[in-house]
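The values are calculated or read from the model by the stated rules, or taken from the named source; none is laboratory data. Since this is a predicted model, take the numbers as computed values, not measurements. Methodologically, a virtual Cβ is constructed for each residue, glycine included, from the backbone with ideal geometry; neighbour enumeration extends over all protein chains shown. Quick note on the areas: whole protein, heavy atoms, side chains included, nothing else; ligands and nucleic acids left out. Shrake-Rupley method; radii C 1.70, N 1.55, O 1.52, S 1.80 Å.
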Amino acid sequence: MAQSELVDAPFEEDDHRVAFIFQANPPSSHEKGADGATARSAKRRKLAGSSSSTLKKHQQHGSEAANASVGVGVGFPPLFGGAESPEAASLRRELFDEAWPVLEKRVQQVLRDANRNTLDEVAGFLKSAAGIDADKLTSAFIITGPNIAAQDLLFEQLADRLCAGDADADLPGGDGADHAAPPRFVRLRASDAPNLKAVLRKIIRDASAAGPGGDEEDAGAVVVQGGRKYLDYDLEALHVFLRQHQTRRVVVAFQDGEAFDSVLLTDLISLLHSWRDRIRFELLFGIATSVELFQARLAKSTARQLYGAQFDVVQAGSVLDGVVKTAVASTHAALRIGPSLLRTLVDRQRHHVAGVHAFVASLKYAYMCHFYADPLSLLLLGGGRLTRALLQPEHLEAARTLGSFQAEVEAAVEARQLRHARSLIEDDEYLANQILDHGARRREYLLRLLRSLHLIAASGLAPLSFTELYMLALSDGLDVSQAEPATLPLQDAIRRLGPDDFLALASRLLGAISAGSPELGLAGFAADADDLVASLTDLRDEVDGLAARARARGQGAALKSRYSAQSRVLRTTVVAHKVQLSRDDATLTDEDRAFTAAVDRLCDVLARHLRCEPLADLFLHEPWTFDARAPCRDVFAPRPGTTFGRALARPHDYLACACCAAAAAPAAGPAGRLDPALPTAAALYHLYLEAGALINVADLWSAYYALVGGGGDGGGEGDGEGEEESDADDGAESGAGLDERTALVQFYRGLAELRMMGFVRPSRRKADHIAKVKWL
Amino acid sequence: MTASLFQLPDELIISALAQAFPCREAQIRALATLLCPTAAPCRNLVVYGTEATGKTAVTSALLARLAPQDDGADDLEPPSLRYAIVSSPECITARHLYETVVAKVAAALEWSDAPSRCESLSQLHVELCKMLKYPSRPSGFRFVLVLDAIDRQREAPHTLLPALARLSEIIPCLTTVFIVTVPSPNLLLTSSVPHLQFPTYTKPEFVAILSARSPPAPNPLPNSTPQETTDLWARFVGAVHDALARAACRTLPALSHSCATLWPRFTAPVLAGTHSAKEFSKLLVAARLLFHDDRLLDPGVLAVPPSQPIAKSAPAPAPAPAPAPSGDTKPPSASAAPPPPPPPPSTPSRSSSTPATATAASALATAGAGPALARLLPSTARHLLLAAYLASHNPARHDLTLFSTHHHGRRRRRGGLSVSGGGGGRGGSRAAAANKHKKIARKLLGAHAFVLERMLAIFEAVRGEWADGKDGAEVPSDGDVGMAIATLASLRLLVRVGGGGDMMDSGGKWRVNVGWDVIRGLGRAVGVEVEEWLIE
């Protein structure tokens, strides 16, 4: 993919270069350089007005403009080295534009729904607490987890909910006159709150500007009533404003409660508390860790002023499960995220991020990569839009390079279907037909996969979460029988079922079949799976009858199968002072035996119906799956430290000069070897690695000069401290070294570079020494 | 009426007030004398006393009654007293205070002109003179300006109080009342200012005040008459005062809160029918554990237990809120009050049970916070937090011993250091023992600052060992580690020491901000025994 992009004509060469070389005066013919220069000078100018807001607006505007200019249907750049038809390229673009918004909407829906319970609880609490304790500040502590990005959405929803929902709900309530207007909602972040004055200013400004009457003039907040001008941090102003709007309630939400300075928070709370008889403040705290930790930071006298309750948000794990279910796995998702990529993303969530937004961003990036860079993504065109005319010879050629193509051909040869194999390789038309057909095969596979997963999830037998199940099914396939290659042995779980559980399971499965799953985008499929439905119904009726008969016998013994643990009892008998153990399993009645047969049949039926092969076994699965981990990792989890270290340790891999070719040759010895031809910074880095925490610069210089200096004169001073290898190098290097002045210049430059990269810093502890900063 | 030179205010007012504020009659009379224009009005008055002794409430109630009501009668007789009360903790800056004073005075005088800005003390003088001194007032007119909690004014210039005290020298008809917690001898830098103290209530007074209210929730106790209930309540209040007042609740709101908290538990036997309301001593014996344990009285921010917030909050929550204190309404603040005298040695049973309670409480906190943190934080952040704790609590010179795998192939944990200590003890064992005695365990000391890079190195060194196989398989990238550090910093679990420099500057100094209990819980939740990694 990378190569094909590099050769792209319409794109600037620079856009894909790994490194840029800074040129002080760009060539005048190059129009782009001049453009960049003007842009930079414009940015340097101080922006008038409130800089942050204008800047933001500016950026938004810019990004919108960019969106618009890209969105008018200019296709992606043609691939295949420019040989791709513009039509195909723009179709890929269209495909992306169709596929992603669907997914994004579903994800947003999931995220919003996940917060619904919390919203209800918080709103209910605030309402119920209103009349209880007039002497304390009502406060809700919302445990959100350390996922700061998701809190924005939550608090946005809270604002909507409290401002809109309360207006009509409060009217029938007790003192309706007091609550007639909705409360004012103020969201605070720790960065808005450097000191008390600033917080108050923000509270007053937001509370008097926001809300449904937000379009009133701002000045109303500052000057009111007989021309008295209030200071902008005077809550009296807010009080007067609220009185004009017939409300007393202000909801103040601290989005990241723990990031606030605790002294400030204490001050603010006691101030708000002292105003409680005039303005009813209600506080919402977003807490990432626990209320105990938060409370430990407040003064006790402050804690006494709060009347609080704790609320939990649905944790990231279950939200993630929902997102995977509705967005990644559902039938609405055009592109399948492959199991290994999905595994990486999920693991990353668990270990590092714990934020669903990062997951969604990764998903989007995967979509973008696929449609941007894979010409075969064109094959995802559905609805008969994919025609033979669209397929260029390059597409067919590309298809023949796919791994699944090779696997298919090999399998065909193994199975002695030589004609099939041969025409796949040689006959373009044959292959094109196969490709045109593959859409139907894909849909069929997905349907089977998702139905099986849905049934397994509905049965409740598998101990895995849906995400795990899905990844397992994609990577290893599904097989619920107990046989050896089975990936998900459920047979034991089925056999352990009692008659009641058996009936419940059958009913659950039947219900799941008829209901389908809206999350997965599955409609009910009773019509398609009539044999499964029929056998499940039969089994249920049969076991129902058996259970009824067993009950009718009235022996009190419930129906049991051969497999259930109760049927095998260890019997202890004492005969003539000897203990005998005997295994007793002869107590199965006819009904029990029939039940055993029913359980066996259920196992068979499920094993027959709940199966699908791994994704990688499918012919031509690459066009509709994306399983490359590298792009996402490079973008979302870069590791500059490692990269720097490696580049400095082995610069030959990155520099394509003649000496490097020699050094990089396998004969040149181990990788970490010192070599006078190394760039100065790299050579110093090697010496640096060998040094201790404090490095004497003079020693470093003599070691370096011993390495690069000519022959005998330099080597003499440095090798006292064990610079054997540099000595050896000197011997090998035939004495064509640098003179001292040049070497010194290079040494200083290299040292400055190391300092720039954050490896060393000047130390005050010892004269002429530098301190090692990087230890990893 | 005005002919008489000295005339105390109407007795009716004072007796009504004394009824509303029990045990404060002396203060009410003194205040009335000093404020009433016909009695002995003074220029400055300092009202002081510890928190919740009724200073503000009594002053404002008295002024409200002394000032003539706005009914039709007063046009015959011009008003002779006006007042304004300014609560100074509500004023963010000194300027805010001046403007509030001017606005309140203008409101009290029904001044019609729009007040101009008032930025300094001299401007305040000018404004007040304009309103109070120059217009002609009837003889005997006084204006009372009450500055509530003026010693807690934010950003107050040091000349504030003396300058305010000079106001009444310039404006003869002004009385300035300063309500403070503790007056220093030269508070106002002026002589002969009358001081009026509101002393703390004594035990009979506490009991009298609390008995005047009806007892909380299970009010008429079942199986007993209201009279019995009231008697029991009075004796109960006395018992609570004896047991807890010195240690836990020295103010009226605190005591009434304690009584309200303990009352349902105390009367549970009566509710259950095992004792009757008359058997006070039996009830006391049954409930003696309650009086040993001040954990119940700890004011938590959570009024509603977290388990079922909605189910609990839909009906009225069980613990009845403390009724509004009859005394002070200003926010009680521990900082301004003088430190309490150390609690006297109490009964043996009490002292023996206290450590047990304390450990129970701390275990409870640990059980709460550690696993919660472990559940909430992603694994990288957890390990980083543990590494930060180690970096904060281990001296840097031991890092090589703890984390290096160079000599032994495996890390030596804390065994290494104590062995060397034992070796030294062979020579001068007594000195070593004495030395050891003096040392305080490091984890009991505060956290030390560490360089970020050192913490990252520790993290790198221990990560492989701490993470079980599959978690540690992937090396977290720099970006992820940086993100985890940023998360911890935004949660204030890690704090930067010293300003300046970039947040991610690897030479920056940091400090861990959570205690041993939380860290131990967190470590156990991820399967790391942090104690093994600490140098004793």
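Checked against the criterion of being touching a helix residue (DSSP H, G or I) at 6+ places or on another chain (Cβ under 6 Å) and in contact (Cβ under 8 Å) with a residue 12 or more places away in the chain, the candidates A:L472, A:L532 yield just one match: A:L532. Restricting A:G33, A:G62, A:G75, A:G81 to those that are touching a helix residue (DSSP H, G or I) at 6+ places or on another chain (Cβ under 6 Å), part of a helix (DSSP H, G or I) and modelled with pLDDT under 85 reduces the list to A:G81. Hey, any hits in segment B:35-58 for a residue that's in a helix (DSSP H, G or I), open to solvent by 30 Å² or more (accessible area, probe 1.4 Å), more than 18 Å from B:T202 (Cβ to Cβ) and of a type in the set (S, T, N, Q)? Scanning segment B:35-58 turns up no residue that is in a helix (DSSP H, G or I), open to solvent by 30 Å² or more (accessible area, probe 1.4 Å), more than 18 Å from B:T202 (Cβ to Cβ) and of a type in the set (S, T, N, Q). Considering segment A:276-292, and only residues there that are open to solvent by 20 Å² or more (accessible area, probe 1.4 Å) and in contact with a helix residue (DSSP H, G or I) (Cβ under 6 Å, 6 or more places away or on another chain), the residue that is nearest to the other protein chains (Cβ to nearest Cβ) turns out to be A:E292. For the residues A:Y372, A:Y367, the requirement of being in contact with a strand residue (DSSP E or B) (Cβ under 9 Å, 6 or more places away or on another chain) and over 26 Å from A:I142 (Cα atoms) singles out A:Y367. Selection of segment B:484-507 for residues being modelled with pLDDT of 80 or more, open to solvent by less than 70 Å² (accessible area, probe 1.4 Å) and outside any strand (DSSP E or B) yields B:A484, B:I485, B:A486, B:T487, B:L488, B:A489, B:S490, B:L491, B:L493. Of all residues in segment A:686-709, none that is outside the structural domain of A:P676 (by TED's automatic domain parsing) has its Cβ atom under 6 Å from the Cβ atom of a residue that is at pLDDT 85 or above, 6 or more apart or on another chain. Scanning segment A:88-132 for residues that are closer than 21 Å to A:P77 by Cα and either within 24 Å of the chain's Cα centre (by Cα) or among the aliphatic types (A, V, I, L, M) (or both) turns up A:A88, A:A89, A:L91, A:R93, A:L95, A:F96, A:D97, A:E98, A:A99, A:W100. Within segment A:446-453, is even one residue under 35 Å from the mean Cα position of the chain (by Cα), open to solvent by 50 Å² or more (accessible area, probe 1.4 Å) and free of Cβ contacts under 8 Å to residues at least 60 places away in the same chain? No - not one qualifying residue is present in segment A:446-453.
Among the residues of segment B:208-227, those that are open to solvent by less than 30 Å² (accessible area, probe 1.4 Å) and at pLDDT 85 or above comprise B:I209, B:L210. Screening the candidates A:L559, A:L532 for the property of being within 30 Å of A:V323 (Cβ to Cβ) and either buried (at least 18 other Cβ atoms within 10 Å of the Cβ) or modelled with pLDDT under 80 (or both) yields one hit, A:L532. State yes or no: is B:G416 modelled with pLDDT under 80, more than 10 Å from every other protein chain (Cβ to nearest Cβ), open to solvent by 20 Å² or more (accessible area, probe 1.4 Å) and over 26 Å from B:L491 (Cβ atoms)? Here the answer is no, as B:G416 does not meet what is asked. I need a count of the residues in segment A:238-275 that are of a type outside the set (S, T, N, Q) and either out of contact with any helix residue (DSSP H, G or I) (no Cβ under 7 Å at 6 or more places or on another chain) or more than 11 Å from every other protein chain (Cβ to nearest Cβ) (or both). So the count comes out to 20. Starting from residues that are more than 7 Å from chain B (Cβ to nearest Cβ) and under 26 Å from A:A130 (Cα atoms), keep the ones in segment A:299-322 and report whichever is least open to solvent (accessible area, probe 1.4 Å). That would be A:T302. Tell me, yes or no, whether segment A:404-419 has at least one residue that is farther than 30 Å from A:E104 by Cβ, aliphatic (A, V, I, L, M) and crowded, with 18+ Cβ neighbours inside 10 Å. Checked against the condition, which is being farther than 30 Å from A:E104 by Cβ, aliphatic (A, V, I, L, M) and crowded, with 18+ Cβ neighbours inside 10 Å, segment A:404-419 yields at least one hit.
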